[in-house]
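Nothing in this text is a laboratory measurement; each read-out follows from the coordinates by a stated rule. All values reported here derive from a predicted model rather than from experimental measurement. Cβ atoms come from the backbone with ideal geometry, glycine included; neighbour counts cover every protein chain shown.
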């Protein structure tokens, strides 16, 4: 991806209308997170969740995982501005995250499954990374019958029912499944 394309993608991801559809504090309030947890924000993009998570995890760490190096650079610039030193960027492949198994207390998959070619495999990878009783939070776009006004096209949106199936087949137990705002849902799993 060219630098110009990456910058335009970062700007699109940071658009006010897109940012307004997700409140990081609402996500943090819904997950069983502690200030000393080690978590991964897989598909972190420009860090819309990474930075708030790192602020909350003042005794922990956030792995900002993405397939694009430019996103890592943006996250680290934001971390520096916010005086955060508990973020580590990790370059990954779509369904392979170079973190040892059973390392993490939690995994966040926000707006990433609708972009994944194999979302079920990505959820399996998230489960592999978790310690026993760790959690996975999937936040994605609600399916729509009409043309989407924001977010991915309706053909790319994955229903919660399918996410629940993927999670359960990966050894995860659903904890909650609810709307988070008007445009998105959250499915929270715990590792069995």
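Quick look at the numbers
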| quantity | calculated |
| --- | --- |
| Tally, over segment 138-192, of residues that are in a helix (DSSP H, G or I) and surrounded by fewer than 16 Cβ atoms within 10 Å (Cβ to Cβ) | 8 |
| Selection within segment 94-120 - surrounded by fewer than 17 Cβ atoms within 10 Å (Cβ to Cβ) and over 15 Å from the mean Cα position of the chain (by Cα) | 98, 100, 101, 102, 103, 117, 118 |
| Residue tally, condition closer than 15 Å to residue 92 by Cβ, in contact with a strand residue (DSSP E or B) (Cβ under 7 Å, 6 or more places away or on another chain) and surrounded by fewer than 19 Cβ atoms within 10 Å (Cβ to Cβ), over segment 121-137 | 0 |
| Residue 131 being under 18 Å from residue 60 (Cα atoms) and out of contact with any helix residue (DSSP H, G or I) (no Cβ under 8 Å at 6 or more places or on another chain) | yes |
| Flag if residue 90 is assigned to a helix (DSSP H, G or I) and either under 23 Å from residue 59 (Cβ atoms) or touching a residue at least 12 places away in the same chain (Cβ under 8 Å) (or both) | no |
| Hits in segment 93-111 - residues which are touching a residue at least 40 places away in the same chain (Cβ under 8 Å) and either in a strand (DSSP E or B) or in contact with a strand residue (DSSP E or B) (Cβ under 6 Å, 6 or more places away or on another chain) (or both) | 97, 104, 105, 106, 107, 108, 109, 110 |
